[in-house]
Amino acid sequence: AAMYAGLQELGVANGEDLKEMLTNCTEPLKAIEQFQTENGVLLPSLQSALPFLDLHGTPRLEFHQSVFDELREKLLERVSAIALEGKVEERYKKLEDLLEKSFSLVKMPSIQPVVMCVMKHLPKVPEKKLKLVMADKDLYKACAVEVKRQIWQDNQALFGDEVSPLLKQYILEKENILFSNEISVLHNFFSPSPKARRQGEVVQKLTQMIGKNVKLYDMVLQFLRTLFLRTRNVHYCTLRAELLMSLHDLEISEICTVDPCHKFTWCLDACIREKFVDNKRARELQGFLDGVKKGQEQVLGDLSMILCDPFAINTLALSTIRHLQDLVGQDTLPRESPDLLLLLRMLSLGQGAWDMIDSQVFKEPKMEAELITKFLPMLMSFVVDDHTFNVDQKLPSEEKGPIPYPSTIPEPFTKFLQENRIACEIGLYYILHITKQRNKNAFLRLLPALVETFSDLAFSDIFLHLLTGNLTLLGDEFALEEFCTSLFDGFFLTACSRKENVHRHVLRLLLHLHHKVAPAKLESLQKALEPTKQSGEAVKELYNQLTEKLELRKPSPAEVTETPSMELPLPTVPTPTSR
């Protein structure tokens, strides 16, 4: 029935008519001939040519099908041409008339592409037709994204159903990178450039679904805000920035000009690409923040979300550490550096995104003076400690012996990491920095401060992903009991039982470095990291992988029995008595 759907309404005979005709006639062959004459291609010159095809054994169906296909192709080309020629009103009037005539055949598979093509080229498909398409699952599936956009913009729930699986996929992809078995200091979560990230499947699909439709763009942003509020998952902030920049790449001015964050995001995107905020761009970014006018404070909610993107936080934090090192060399205090203060201001705005969107109070978070007057100078004093120690090592040792590396942490440092979010973020990045420099002494000194941090930030996936990567540079230290005890017993294992993600990261690290760890320590770690009944599949899978690797390393029983025989004492030969 679908093959002939809608033909009757147009007064065109179909299979049902032929069936009825053959049922009620006395001479079927004559009836068939009559049906062919009435419904065939009405071209006088064709009648004499058709018997010629019969002689070649070409079925009439094949002939009619090829004519039909050819005509359909021509019609599709013509529809696309009409959509581009003449005055706007005229071309759309032609297409609307064509849609009116052909819509009744929309369920007929052979004609459907033509009807869909007409709708695709109409900027506004009549409401009634959109409703019919929406009500029919197969038609909805078959229609072009241009038509779907018209349906979606007035049906947020339906659009949400289409977008939701993509957002889930996006979050899953991010988590898969963070938990990847590949651990490297060179290729980590932050390695891909912003432009490369925007080529990802989800961003590209969403960009296509939105097209130039501001209403749909706003809906996606609303979904992202809602999900960010519901889950506190910062990857939604990344997607918010990536989506805007993907539309920017395609020069979709209809959207970019109305998003008040566009220029700010564009500038920040360049900084993320360089992994550094230079002075020129810092001034530009400051200009945008200072330019938020009274009555437009709501834009701060969007700007804070852009700054809460982990890629933005990473860039701001790395720039902060670099600035602090420069200040040490210049004998300058943090409070005297406007560039540093701007970085802190943006970090603060990014870290405060969730609270701002949740409370709907759109004003920049107040910066605690002690962060600038006490915490940052303390970090600088750690840098100085390192310089002093390194210089001291090179000096000829006197009677008093070499000066030991400072082992205590100033109490305020630990307190800052527990109570101040910005201090904690910068402190964690400083620890990543010293680990990357293979500075074991500084690492072991500051590690105890990570057991209790603001909102457990030291046990967050992004930090642990970066830390495990950087620890590969200290691979040789894993053979030392003291290092392993500090790192595993003193830090990782304090959270393994209550935080499954930490359990996963430790197993990832050991899968990579198990051959460096002393056998006795490795055995005790294997026991400590054994999954419980409550452990998820990911932990069990990683633990099994580790166990398999360790089994392969164990010497075979044959080797074990042979080895001692090599070490048997030589038989004592009596010494000949001297004569």
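Points worth noting:
- Ordered by solvent-accessible area of protein heavy atoms (1.4 Å probe), largest first, the residues F311, F454 come out as F454, F311.
- The stretch 52-99: GluC sites (Glu not before Pro) falling in loop per DSSP and having at most 14 other Cβ within 10 Å: E85
- Dimensionless Rg/Rh of the stretch 22-66 - Kirkwood Rh, Rg from C-alpha atoms: 1.01
- Using a probe of 1.4 Å, the accessible surface attributed to C271 totals some 0 Å² when neighbouring protein chains are kept in position.
- Within the accessible area of the chain (1.4 Å probe), percent carbon and sulfur: 56 percent
- Length available on full extension from M367 to S164: 0.36 nm per residue minus the Cα-Cα distance, which gives 69.4 nm.
- Normalised by residue count, the stretch 77-219 yields a Cα convex hull volume of 159 Å³ per residue.
- Its relative contact order, with pairs defined as Cα atoms under 8 Å and 6+ residues apart, puts the stretch 40-152 at 19 percent.
- Residues of the stretch 57-188: accessible area per residue with a 1.4 Å probe, Å²: 59 Å²
- Straight-distance candidates among the lysines for linking to K549, with alpha-carbon spacing under 25 Å and chain neighbours fewer than 8 residues away dropped: K499, K516, K521, K527, K533, K540.
- Helix-only [θ]222 nm of the chain, DSSP H runs n ≥ 4, -39500 (n - 2.57) each, per residue, nearest 500: -20000 deg cm²/dmol
- The stretch 40-152 - Debye-derived log10 I(q)/I(0), Cα point model, q = 0.21 Å⁻¹: -1.10
- For the chain, Cys with no neighbouring Cys Cβ under 4.7 Å: C25, C117, C143, C256, C261, C267, C271, C424, C484, C496
- For the stretch 105-148, alpha-carbon Rg over 2.2 N^0.38 Å: 1.01
- Taking only alpha carbon atoms, the chain gives an Rg to Rh ratio of 1.19, where Rh is the Kirkwood radius.
- Sparse-neighbourhood loop sites, GluC sites (Glu not before Pro) in the stretch 395-468 - DSSP loop, at most 10 other Cβ within 10 angstrom: E398, E399
- Global geometry of the stretch 95-178, whether rounded, prolate or oblate, following the gyration tensor of its Cα atoms and the 1.5 cut on a/c: prolate
- Whole-angstrom Cα spans of the stretch 365-512 along principal axes, big to small: 51, 44, 20
- The protection proxy used here, the mean number of other Cβ atoms lying within 10 Å of each residue, ranks peptides 195-207, 235-247, 258-270 as follows, highest first: 235-247, 258-270, 195-207.
- Surface listing: D136, D309 arranged by accessible area from highest to lowest gives D136, D309, probe 1.4 Å.
- For the stretch 222-312: rounded, prolate or oblate by the Cα gyration tensor [a/c cutoff 1.5]: rounded
- Counted as membrane-span-like here are DSSP H helices of the chain whose alpha-carbon atoms extend 18 Å or more along the helix's own axis and whose Kyte-Doolittle mean is -1.0 or above; these are 44-55, 60-82, 156-178, 214-231, 235-249, 262-274, 310-330, 338-351, 376-394, 421-436, 500-513, 537-553.
- GluC sites (Glu not before Pro) restricted to the stretch 254-312 and DSSP loop, no more than 14 other C-beta within 10 Å: E297
The values are calculated or read from the model by the stated rules, or taken from the named source; none is laboratory data. Note that the coordinates shown come from a computational prediction; the quantities given were computed from them, not determined experimentally. When we count neighbours, we look across all protein chains shown, and the Cβ atoms used for this are built from the backbone with ideal geometry, even at glycine. Just the protein is used for accessible areas: all its heavy atoms, side chains included, with ligands, DNA and RNA removed. Shrake-Rupley method; radii C 1.70, N 1.55, O 1.52, S 1.80 Å.
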